[in-house]
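Written below as structure tokens is the structure these notes are about.
The values are calculated or read from the model by the stated rules, or taken from the named source; none is laboratory data. None of the values given here were measured: they were computed from a predicted structure. Every residue, glycine among them, receives a Cβ derived from its backbone with ideal geometry; neighbour counts consider all protein chains shown.
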Amino acid sequence: MDHFVATGRPVLVLSSDEAFRRAAVRAMRRCGMGVEGCRSEGDALRRVAGDRAPLLVLAGSPATLASLCSGLRQRSPQAGIVAVSHYDGPDQRIEVMRQGADLCLAGDLQVGELVAALQALARRVNGRGMPDAPLRPAPAVWRLLEKGWVLRAPEGASLVLTGAERAFMGELLGAPDARLDRRAYLAARAGETTRRLDMLVCRLRRKAARQGMDLPLRTVSGWGYAFAGAL
């Protein structure tokens, strides 16, 4: 099965955050890994092939991760667990590891770091000393970095965002298929108007153009916005 490519175990991404789950699965598959997304602990365990313990990527708040790790470790003692969160300090990471995580990684990590961590964990839990087959390089994609304050283009150029731009781009890139309904976006933000939002988008395009960035932000007439770049 292709679930065992590069790690020797099924790789499962468990997160209630659909945007994170879909983005992580998509990015790791592009790196050559077999991976599936799961919505719940029970969903993850049902997808384990036979008696082969999984490699699990868990994402959520530190408190949620501590609870998940405790339950998963009891039910699958041989699983490899990577816990991804925005930790406030070492005490939170220590608690999550005490509850069963093998590794704790910051929430703003890059996919390459997550893939390398999974391979290292697989070598340890599989008892193998041989390196895994080289992965394909991660493709050039658009990314939000620095907790959403910086938009990075595939060629490496960066655009520092204002608070309003950060909120808009975070919603757009996290939406299914990177398509954002204008009415739904405005309804969730008191005081925001169509005119102000359209002006924000216009300024963002000009700002990107001044830095030589071809921002693939499209306006969908009568509906909203779409991001046409690779994510």
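Structural remarks
- Looking across 209, 228, one residue alone is among the aliphatic types (A, V, I, L, M) and either farther than 22 Å from residue 20 by Cβ or at pLDDT below 90 (or both). It is 209.
- Among the residues of the stretch 165-191, not one is farther than 25 Å from residue 17 by Cα and touching a helix residue (DSSP H, G or I) at 6+ places or on another chain (Cβ under 9 Å).
- Near pairs, Cβ below 7 angstrom, 6+ apart or cross-chain, from the stretch 217-229 (β-branched (Val, Ile, Thr)) to any residue that is assigned to a strand (DSSP E or B): 219/225; 220/226
- Matching residues, the stretch 69-107, being of a type in the set (S, T, N, Q) and at pLDDT below 85: 70, 74, 76, 78
- Residue check for residue 162: among the hydroxyl-bearing types (Ser, Thr, Tyr) and either in the same structural domain as residue 19 (by TED's automatic domain parsing) or loosely packed, with under 12 Cβ neighbours inside 10 Å (or both): no
- Check on residue 153, outside the structural domain of residue 22 (by TED's automatic domain parsing), surrounded by 15 or more Cβ atoms within 10 Å (Cβ to Cβ) and within 30 Å of residue 28 (Cα to Cα): yes
- Subset of the stretch 177-215 [in a loop (DSSP other than H, G, I, E, B), within 27 Å of the chain's Cα centre (by Cα) and either surrounded by 16 or more Cβ atoms within 10 Å (Cβ to Cβ) or basic (Lys, Arg) (or both)]: 189, 213, 215
- Selection from the stretch 21-68 of residues that are in a helix (DSSP H, G or I), modelled with pLDDT of 80 or more and among the hydrophobic types (A, V, I, L, M, F, W, C): 23, 24, 25, 63, 65, 66, 68
- Any hit, the stretch 151-172, residues being of a type in the set (Val, Ile, Thr), modelled with pLDDT under 90 and outside any helix (DSSP H, G or I): no
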